[in-house]
Amino acid sequence: MPLTFAKDAKGILPDTMIEQLAADGAIRREKEFASDQIQPASLDLRLGAVAYRVRASFLPGTAKVSRRIEELTLHQFSLKEGAVLETGCVYIVPLLESLALPADIAAAANPKSSTGRLDVFTRVIADEMRGFDRIEAGYTGPLYAEISPRTFPVLVREGTRLSQIRFRHGRAQLDATALRALHDEERLVDCEGADLSDGIAVSVDLSGTIAGAGRPGIVGYRAKRHTAVIDVERRNGYDVADFWEPINARPDQRLILDPDEFYILASKEAVQVPPGYAAEMVPFDPLVGEFRVHYAGFFDPGFGYAGAGGKGSRAVLEVRSREVPFILEHGQIVGRLVYEKMLGMPKTLYGQGIGSNYQAQSLKLSKHFKV
């Protein structure tokens, strides 16, 4: 029976409803889903068999993406046996998944956490769409990944998952009153007097006292340049020292971000996402354009949740400065975590035996690096 909703139902679709969307033909795929492809509140998207190196990033506007690819392609190559995507280049890859969404369901995409932590800039585009990572309700057509490695060259292949997509019926973001009530019930963040006016304010920890950071006094990592290739399918396979420089805390608890350098930092706050809710990291202030924080913004139900093995988890911050050096200070707000209701309870929560890599994290590099 096709998926239907009450007129006033609003929220993010859980895994059971994503499965039903696929059964209804609203999510189409060239190959059957992998067993772990559907997450508690999202679906991993897989790269197809062919990649196109293009001259520049683009938005299709009123055109189909395939037409833009024809106009801008420098060369194309197969991903069936794997291929290296070089830094500083822009690639477009058709995805194995496409959509035929009902008129009342929209979608939003984001890089997966491991993608963001490798500084692989990834966005999803669709035919005749005027924005990245946003799919309008009722969209029918293919999906494409735009991929641009910024720091490390990466090896990908057909089926590699760099992005994830959420499906939404209506809009159910919690306002300040509802968020405060949920915090009073569940303690969403571990600090007193938290700013909950427009989502949970997330600040950076430069104190040097982060538990589980690897060694005392480490506040983050700066990516090295001119490294070896990273195979994005290889877990726990690379020495940290070959790719990262640890950043030691300073007495003034500051960090100067150098232009075009990539940093992994951690939030001062430990947060959790209770069952029945999903969260997303959004910019603290779009007018603060000196640096970018957090490529990968989705937080699934159960992230940091005690009942799913979390006990509160830090948000790992993927930070890149822009044209000028910029000073970050300990406790400086860098983002906000906004919460939305789920349309139903997922079968499993983040961290409950589904291969979640970042439950109960503190300062943590991507899964590719040896612990």
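The values are calculated or read from the model by the stated rules, or taken from the named source; none is laboratory data. No experiment lies behind these values; they were computed from the predicted model shown. All Cβ positions, glycine included, derive from the backbone under ideal geometry; neighbour counts span all protein chains shown. The protein model used for the area step is the full one, side chains on, heavy atoms only, and it has no ligands, DNA or RNA in it. Shrake-Rupley method; radii C 1.70, N 1.55, O 1.52, S 1.80 Å.
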*Search the structure for amide H atoms under 5 Å from the amide H of Tyr350, placed 1.01 Å from N in the peptide plane, and list their residues when 5 or more places away or on another chain.*
Gly302, Phe303
_Whole-percent carbon and sulfur share, accessible surface of the chain, 1.4 Å_ = 48
_Under a Cβ-only charge scheme (Lys and Arg +1, Asp and Glu -1), can you give me the dipole magnitude of the chain about the Cα centre, in debye to the nearest 20?_
580
*So, with +1 on the Cβ of K and R and -1 on the Cβ of D and E, and no other charges, what is the size of the charge dipole of region 176-341 about its Cα centre, to the nearest 20 debye?*
320
*Largest-first ellipsoid semi-axes for the chain, taking √(5λ) over the Cα gyration tensor eigenvalues, angstrom*: 30, 27, 19
*Which percent of Cα pairs goes in each bin when the distances of region 11-169 are cut into 10 angstrom slices starting at zero?*
11, 43, 35, 10, 0
*Under a 5 Å amide H to amide H cut-off, with H placed in plane at 1.01 Å, what residues pair with Leu317 once short-range neighbours are removed?*
Leu265, Ala266, Ser267
_Only bridges whose two residues both fall in the chain count here: according to DSSP, what percent of them are antiparallel, nearest 5?_
95
*Tell me, what is the per residue accessible area of region 11-169 in Å², probe radius 1.4 Å?*
37
*asked:* Can you show me the helix-derived [θ] at 222 nm for the chain, built from DSSP H runs with n ≥ 4 at -39,500 (n - 2.57) apiece and divided by the number of residues, rounded to the nearest 500.
replied: -2500 deg cm²/dmol
_Full-extension gain between Thr140 and Ala23, please, as 0.36 nm times their residue separation minus the C-alpha to C-alpha distance._
40.5 nm
_I'd like to check one number: the per residue accessible area of region 176-341, probe 1.4 Å, reported in Å² as a whole number._
44
*Any chance you could tell me what percent of the C-alpha pair distances in region 176-341 go past 28 Å?*
26
*Sorted by packing (mean other beta-carbon atoms within 10 Å per residue), highest first, where do 171-182, 118-129, 326-337 land?*
118-129, 326-337, 171-182
